[in-house]
1. May I ask which of 213/260; 213/284; 10/32 have a Cα-Cα span longer than 20 Å here?
2. What is the extension gain from residue 37 to residue 143, computed as 0.36 nm multiplied by their sequence separation minus the C-alpha to C-alpha distance, in nm to one decimal?
3. To the nearest 500 deg cm²/dmol, what mean residue ellipticity at 222 nm is calculated for the chain from DSSP H runs of n ≥ 4 alone, each contributing -39,500 (n - 2.57), summed and divided by the residues?
4. Treating each Cα of the chain as an identical point scatterer and ignoring solvent, apply the Debye formula and state log10 I(q)/I(0) at q = 0.10, 0.14 Å⁻¹.
5. So if I restrict to the alpha-carbon atoms in region 286-370, what is the Rg, and what is Dmax, the biggest pairwise distance, in Å?
6. I'd like the antiparallel share, as a percent to the nearest 5, of DSSP beta bridges with both residues in the chain.
7. What stretch of the chain, leaving out the sites themselves, is the longest with no GluC sites (Glu not before Pro) in a DSSP loop having at most 10 other Cβ atoms within 10 Å?
8. I'd like the orientation of helix 121-146 relative to the chain: the angle between its Cα long axis and the longest Cα principal axis, in ° from 0 to 90, rounded to 10.
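Coordinate-derived values only; no laboratory data. Because the structure is predicted, anything quoted here is derived from the model rather than measured. We place every Cβ from the backbone using ideal geometry, glycine too, and count neighbours over all the protein chains shown.
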Amino acid sequence: MRPITTLHLKAGDILYSQGDRATDVYIIASGKMEVYHDEQSDDFETDIRQTGDILGELAILTGLPRQVNARALNDTTLFKITSSQIQHEFTLVDPLLRACVETSITFNQRLLEAQNFTSESRPQQLEAAEVLEKVKFEVDLINSIEACEFSMVYQPIVLLNSAEVVGFEALMRWTHPERGFVPPDTFISVAENLGVIGLLTNFALSQSCQTLKKLQEQNGRERPFFASVNISGHDIGRKGFADNLAFILDENDIAPEQIKLEVTETAIIPKNKTAIDNLVAFKKLGCGLSIDDFGTGYSNLAHLKSLPLSTLKIDRAFAGDASNNHVSGCIVSLLVNLGAALGVDIIAEGVETVDDVRTLSNLGCSLAQGYYFYRPSSQVDLLDLLSPDKDSSDINDVA
Ligand code: G
Ligand code: G
Ligand code: MN
């Protein structure tokens with residue numbers, strides 16, 4: 001039970017004044033309160049609050065000092081709720097609801113900042129429009145999660161020399177009724193900031209598991225395909241993520257060895273104990289860990305040794321450029337050797353031409369992904385593409 005303090009005021013008693021630090025929110029149990037600005041203020045106005053109304057919540061939510069004064073108009077009884085109680089309650093609400101409230105608070109804060117901007121009115125209007133657009137994007141994203149407007153596409157990963165498909169990377173797509181296609185580079189970071197990335201990651205994981213299952217039913221391979229699923233640094237830092245992953249695998253009857261968690265170099269640097277625990281748990285579970293866009297971050301090579309890695313994906317800035325550019329070729333060669341020393345697989349990304357294939361093969365790459373082999377495709381198309389009835393000579397025609 002939440003402890004509630006009761007407060008009794010007489011007519012004229014001041015509850016709080018403009019500029020005070022806010023520590024509590026009040027609900028009027030009986031009586032009447034007046035909320036008003038300092039009389040010298042330009043926008044002087046009063047607001048009357050009655051039994052059942054809430055009072056003082058804005059300053060708690062925004063973290064700003066009190067923007068108004070509050071005084072009793074007659075004998076008034078208030079229930080007092082402290083900000084720490086509110087914050088505690090806030091941790092218990094549904095994450096979507098919390099994200100909505102947080103968005104609305106940020107929106108109000110930014111609008112306040114924009115209004116306080118004192119120079120010409122034009123930049124002020126521009127800023128307000130930007131804020132509005134940002135918030136609309138956030139609201140659309142949250143509504144789209146509820147309306148299930150996301151889907152997954154799958155890009156095959158092949159053995160470079162034979163073009164045999166061994167797995168695929170799962171990529172998320174968002175098609176909004178009005179915005180149309182929104183690239184993941186745009187919406188993933190917003191989902192991270194809103195705290196809803198976990199919902200998207202779970203979607204990507206369960207869809208990928210279902211696709212693996214269907215492929216296995218169709219192809220019945222002795223060595224099943226693997227799925228490489230992009231996850232965010234936020235997922236790694238979240239308590240219970242590894243258990244959640246184990247649950248999804250179990251629910252879909254997929255062996256952990258069939259899943260590689262694909263993370264960028266910066267996301268993999270553990271930022272807290274939970275992240276370290278999750279990385280250890282992935283390994284214990286048997287999932288692979290793949291570093292995406294390798295070569296573009298600032299990898300601490302000594303640190304790499306301590307990570308439970310299974311794959312390095314060479315960024316297409318190098319892999320797709322190795323046949324034209326000597327330096328890119330040297331970097332690929334270096335990374336292939338590093339992979340061998342660490343005992344991990346290397347996947348070359350962005351393979352687009354037959355020259356890329358030849359060069360990368362000469363440099364010792366064994367796995368590849370890119371438009372030369374396959375573009376990302378829907379589950380139905382992937383199943384069709386990999387159907388055992390399909391003539392394997394079709395493969396390179398897809399580019
Ligand atoms: O498919 P596309 O080129 O638009 O992807 C761009 C980037 O978005 C990729 O590099 C990938 O890291 C990221 N991305 C794509 N799908 C997902 C996903 O399901 N989850 C996360 N966290 N990132 C994704
Ligand atoms: O960063 P990440 O590896 O997750 O990005 C994968 C993205 O790269 C996908 O969106 C995919 O569409 C894109 N991609 C895959 N193959 C190629 C390719 O051969 N060339 C280019 N330019 N992009 C590719
Ligand atoms: Mn990726």
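1. On the way: 213/260 15 Å; 213/284 22 Å; 10/32 10 Å.
Correct reply: 213/284.
2. On the way: separation 106, 0.36 × 106 = 38.16 nm, distance 3.68 nm.
Answer, rounded to one decimal: 34.5 nm.
3. Working: 15 runs with 172 residues, N = 399.
About -13000 deg cm²/dmol.
4. Once normalised to I(0) and log-transformed, intensities are -0.80, -1.22.
5. 12.1, 38
6. Working: 39 of 61 bridges.
About 65 percent, rounded to the nearest 5.
7. Values: sites that count: 39, 45, 120, 178, 222.
The segment 223-399 is the longest one with no such site.
8. Approximately 60 degrees, to the nearest 10.
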